[in-house]
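Here's the structure we're looking at; comments come further down.
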């Protein structure tokens, strides 16, 4: 069983639901069209790495990218919820990294195959501890940053999401139930780039917290 901390409470994690291309500038930098509906994929809870941990790049990839994201912890089951009711199902927020094997993802996409081996490898989901939802006034008014070895690579704002947190919860819950303990990753702003062994990644989101991991 895998768990995260919400304030001082340990929470068992179910699934990690991720959203692709939720920032137009990020879609553009990778040469992708901005989707009309959220692109959904899943990471198992075994991909999580705590603050201070390390990311191990699999030997089947030569191009691992960082993606800083706002993580949302589901506090109560959500099935077919409306956008207006969606945020009532949120227990907390955290800083996350969606580590991506870009060369593998590109190869999979070219063959029309799923992305999981590029997105759901062990250590691909570093996560900070969660802050309670009521500590975040507006999840669409948060600055996200990521530095690699002290150099800023990503500097974005959650207000630039094409689909808001509430819209994402409503959309995902229309396909399958989001259960208490599930985590939703909400997409990354522009500025993704390659990391390599020895790099230090430091991510931060206003009102939410910070996350620091190394690349093994």
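The values are calculated or read from the model by the stated rules, or taken from the named source; none is laboratory data. All figures in this text were calculated on a predicted structure; none of them were measured in a lab. Don't worry about glycine lacking a Cβ; one is built from the backbone with ideal geometry, like all the others, and counts go over all protein chains shown.
Against the criterion of being part of a strand (DSSP E or B), under 17 Å from the mean Cα position of the chain (by Cα), farther than 16 Å from residue 21 by Cα and at pLDDT 95 or above, residue 207 does not qualify. Restricting the search to strands (runs of 3 or more DSSP E) fully inside region 5-77 and requiring at least 2 residues that are out of contact with any helix residue (DSSP H, G or I) (no Cβ under 9 Å at 6 or more places or on another chain) and under 20 Å from residue 189 (Cβ atoms) gives 68-74.
Matching residues to (1) closer than 25 Å to residue 46 by Cβ; (2) out of contact with any strand residue (DSSP E or B) (no Cβ under 9 Å at 6 or more places or on another chain):
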position: 92; (1), (2): yes, no
position: 101; (1), (2): yes, no
position: 110; (1), (2): no, yes
position: 157; (1), (2): no, no
position: 182; (1), (2): yes, no
